[in-house]
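The values are calculated or read from the model by the stated rules, or taken from the named source; none is laboratory data. Everything numeric in this text was worked out from a predicted model, so none of it was measured. Because the Cβ atoms are built from the backbone with ideal geometry, glycine has one as well, and the counts that use them run over all protein chains shown. SASA here: full protein model, heavy atoms, side chains in, ligands and nucleic acids out. Shrake-Rupley method; radii C 1.70, N 1.55, O 1.52, S 1.80 Å.
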Amino acid sequence: MERESLLATLIVLLGGSALQLFAVWPGRIDIKSASRRLERLHWFALWWPAAPALTVAAWLCGWALSQPDPVPDHVGTLIFMAAVPFAIVGGRALVRAAWALCHSPRVYGIVTVGLLRPRIVVAPELAKTLDEPAMQAALAHERTHVRHFDPLRIWLAQFITDLQWPWNSARRRFTDWLAILEQARDDEARAGGVEGADLAAAVLGSLRFQLGVGTAAATLIGRTEALPARIARLLRPLPESERDEEPPYLVVAAGLAMVWLVAIVLGLFCGERLIGTLLAMSY
Ligand SMILES: [Zn+2]
């Protein structure tokens, strides 16, 4: 059997199992923190369940490096059958990601679209219904989405959430992140001089232009279920700037790189016994 085909099958099976196992993690973040930092923590919570699956994939890649091509082993039907559900979940996630790319919101008030070159799109009708301060507040909010490439981040977040389908915990992590994302962008716009009341007026004015669902776009109104709390928050004074420390990205990235390197080395030198047993069991 071709080495790469066997590797892909095992990654789908074992990586998919690890992802589904860790997708159950509730991942609720209930700490008081500056909204930008809180947004980052929620963003990491979306991706964290994928780390074990990537570790398994790294270990399998290490094992594959030690194998001749084509590999002498054959894969039993049991392994193919066990991998099918994970392949379906992956295929569904890819289809939904492609769908989100091809379908822009048909009805919108103001929205940021574009994965690599985000831009703000405003419905002409919205400009007629909002007064000037509200319109400027809406634009300031959308400019923060542009600055952070939020359409791309929303698209990626939807994809990693779909890979953890059908777990509700993954779906909830996604909606929690979307809500805190809007709060963080509101706060950033207000820190730049926008009045909370103007932004609240813009959000409410945009509601009549209900946006399409499931597209890779960063909207002004965000998730409708989070709106009451968001409007109430906008009408309160902007919280005093809390310690807005960035999470230790470099430490986390270096730690993960080290874990994956160790996994590759372990796969290279100790993978054969485990994989051989697994393949023998599949006949
Ligand atoms: Zn927004």
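Between the helical axis of 77-102 and the longest alpha-carbon principal axis of the chain there is an angle of about 20 degrees.
Can you give the net charge of the other residues whose Cβ lies under 10 Å from the Cβ of ALA218, counting K and R as +1 and D and E as -1?
Working: positive: ARG153, ARG185; negative: GLU142, ASP150, GLU182.
Net of charged neighbours comes to -1.
Please build a GNM for the chain, connecting alpha carbons under 10 Å apart, and tell me which residue among PRO85, PRO68, PRO133 fluctuates the most. Among PRO85, PRO68, PRO133, the largest GNM mean-square fluctuation belongs to PRO68. Among rounded, prolate and oblate, which fits segment 100-157 when a ≥ b ≥ c are the square roots of the eigenvalues of its C-alpha gyration tensor, a/c under 1.5 means rounded, and a/b larger than b/c means prolate? Oblate, because a/c is 1.5 or more while a/b does not exceed b/c.
In the context of the full set of protein chains, residues of the chain present 53 Å² of accessible surface per residue (probe radius 1.4 Å, heavy atoms only). Go ahead and set up a Gaussian network model of the chain, Cα springs under 10 Å, then flag whichever of LEU238, LEU46, LEU220 fluctuates most. The residue that fluctuates most here is LEU238. Helix 50-65 and the longest principal axis of the C-alpha atoms of the chain enclose an angle of approximately 30°. Rounded to whole numbers, the Karplus 3J(HN,Hα) couplings from phi for segment 117-126 are 10, x, 9, 8, 10, 10, 6, x, 5, 5 Hz, using 6.51 cos²θ - 1.76 cosθ + 1.60 with θ = phi - 60°, and x at Gly and Pro. Taking 7 Å steps out from each Cα toward its Cβ at LEU235 and VAL146 produces label points 3.1 nm apart. Taking the protein heavy atoms of the chain in the context of the full set of protein chains, the accessible area attributed to carbon and sulfur is 67 percent at 1.4 Å. Working from label points 7 Å from Cα in the Cα-to-Cβ sense, the GLU132 to SER5 distance is 6.9 nm.
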